[in-house]
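See structure below.
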Amino acid sequence: MTTKKDIRKHFLELRLNLDEPTALALNEQLLANARQLDYSNVRKAHIFLPISEKKEVDTWPLVKWGRAQWPEMEWVLSRSDMKTGEMNHYLWKTNTILVKNKFGIPEPDHGEEVPPENIDLVFVPLLAFDRHGQRVGYGKGMYDRFLKQCRPDVRTIGLSLFEPVLQIEDADSWDVPLHTVVTPDHIYQFK
């Protein structure tokens, strides 16, 4: 189980088979670890909202905590174009209307667009990651394209309910490795 395809299948199954109390406990532990990171120099943070049907990491409490801790920090959400594989990014204000797309992703209906180079921090969704900071997502490459549009000094933080695999054997040259991954049990730093 070291290729993206096998890893993707295995970890999606693991996540879908989590019972509610276990998923809740893992998310709470992950949030506790995410709170230990330094966000003091972050002006704009990009966050993904979970596809609840796929039991993705629950990022709602992280945003609630972040807004209380750093009221001056602005949050950014994306709207995905599945035909082109591109993402557009919008300020997430308290009055932003969110609409689920056909994949169950809550996205902003409209808003003030934010260029990728203005984003300081990106929380990155993933199914799995390895001990080198490589990640496995759903296989569309949208986040890799997005991260390449950001400044070279953008911070990337993956959020995972599970610990890393040893190595993703078929990581590609265009894959963008993560700086940090937070799990319920650890904070991994890669660069």
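A few points about this structure:
- Considering only Asn88, Thr3, His132, the residue lying farthest towards the positive end of the dipole of the chain is Asn88, judged by Cα position with unit charges set on Cβ.
- Around Gln134: net Lys/Arg minus Asp/Glu count, Cβ-Cβ under 11 Å: -3
- In a fully extended conformation the segment linking Ile97 and Lys9 would gain 28.4 nm over its present Cα-Cα distance, using 0.36 nm per residue.
- A simple spin-label model places pseudo-atoms 7 Å from Cα toward Cβ; at Ser173 and Tyr39 they are separated by 3.7 nm.
- From its DSSP helices (H runs of at least four residues, each -39,500 (n - 2.57)), the chain gives a residue-normalised ellipticity at 222 nm of -7500 deg cm²/dmol.
- Overall, the accessible surface of the range 40-160 at a probe of 1.4 angstrom is composed of carbon and sulfur to the extent of 51 percent.
- Difference of contour (0.36 nm per residue) and Cα-Cα distance, Asp81 to Thr22: 17.9 nm
- Applying the criteria of a DSSP loop state and at most 14 other Cβ atoms within 10 Å to the GluC sites (Glu not before Pro) of the range 34-73 yields Glu72.
- Among the listed pairs Lys83/Lys148; Lys55/Lys140; Lys4/Lys44; Lys93/Lys191; Lys4/Lys102; Lys4/Lys64, those with a Cα-Cα distance over 29 Å are Lys4/Lys44; Lys93/Lys191; Lys4/Lys64.
- Hydrophobic long helices, here whole DSSP H runs in the chain with Kyte-Doolittle means of at least -0.5 and Cα atoms spread over 20 Å or more along the helix axis, are found at 20-34.
- Magnitude of the charge dipole, the chain, Cβ model with Lys/Arg +1 and Asp/Glu -1, debye to 20: 180
- Fraction in percent of alpha-carbon pairs per bin - 10 Å, the chain: 9, 38, 41, 12, 0
- Working note: Karplus 6.51/-1.76/1.60 with θ = phi - 60° gives the range 100-108 the couplings 6, 7, 5, 9, x, 8, x, 10, x Hz, where Gly and Pro are set to x.
The values are calculated or read from the model by the stated rules, or taken from the named source; none is laboratory data. Nothing here was measured: the structure is a model prediction, and the numbers come from that model. When we count neighbours, we look across all protein chains shown, and the Cβ atoms used for this are built from the backbone with ideal geometry, even at glycine. Surface areas here come from the heavy atoms of the whole protein model, side chains and all, with no ligands, DNA or RNA. Shrake-Rupley method; radii C 1.70, N 1.55, O 1.52, S 1.80 Å.
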